[in-house]
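Worksheet: the structure to be examined is printed underneath.
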């Protein structure tokens with residue numbers, strides 16, 4: 001297969017393939033399950049997810065701050081200014097991240113969110129060769145770049161009617177780029193957040209542990225914002241002085257650019 005992912009090769013993993021892959025990682029490669037789950041259900045660029053620190057995650061308000069990446073083992077900025085963003089964490093992702101097992105003995109906001117079993121930052125080339133391809137081959141799934149988990153996320157949101165504005169705020173891609181490259185997946189827009197979350201809930205593999213308590217209704221709170229956008233979010237709530245952090249995780253040294261792994265350039 002080609003090492004680069006051109007516009008002609010945008011090839012999302014189908015929902016049934018996604019679930020097969022997630023189940024395989026959960027049972028065969030559990031250490032990387034959280035990393036793969038996050039990629040399928042948040043659609044960040046792998047270089048952005050690998051760079052995430054625990055301090056970038058706010059589970060109480062279901063948000064993550066994306067403003068850096070790791071390329072060729074070096075930390076740097078994101079691909080574009082637009083790529084610097086705060087994303088909404090979907091309910092299933094909040095639950096998965098909250099139910100970290102085993103829980104670490106100590107944590108630091110500077111700890112990487114996803115690591116190798118040795119505790120080092122994930123090297124995407126090594127992950128692709130040593131973890132991703134073996135799972136796909138074992139499950140007889142046509143090998144595609146790990147970056148295509150991002151395509152799976154975007155195409156799924158469009159297929160259930162999510163708005164381009166919301167998807168743009170999640171991925172950092174412009175609406176023009178999204179509607180050009182994913183046109184065949186776009187349905188009539190639906191700005192109902194509960195609808196989007198319900199579709200994700202039904203389609204994803206839910207972690208076995210129970211969801212954490214965030215408020216009396218069992219829903220994640222929403223960080224206040226003065227900006228108006230297309231994200232299907234509930235009413236604003238005042239953020240407390242102390243936000244809920246993450247517990248420590250485990251990761252691999254260095255990484256190479258996304259294009260070296262056969263990715264689309266979105």
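Brief remarks on what is shown
- Paramagnetic reach from residue 129 (point 7 Å along Cα→Cβ, amide N under 20 Å) across region 30-71: 32, 46-47, 50, 70-71
- Cα gyration tensor shape for region 101-172, rounded if a/c is under 1.5, else prolate or oblate: oblate
- For residue 27 and residue 180, the difference between the fully extended length at 0.36 nm per residue and the C-alpha to C-alpha distance is 51.3 nm.
- Among 16, 48, 91, the ranking by other beta carbons within 10 Å of each residue's beta carbon, starting with the fewest, stands as 16, 91, 48.
- Listing 51, 140, 163, 14 from fewest to most neighbouring C-beta atoms within 10 Å gives 140, 14, 163, 51.
Read-outs: derived from the displayed coordinates by stated rules, not from any lab. What you are looking at is a predicted structure, and each value in this text was computed from that prediction instead of being measured. With ideal geometry, Cβ positions are generated from the backbone for all residues, glycine too; neighbour counts draw on all protein chains shown.
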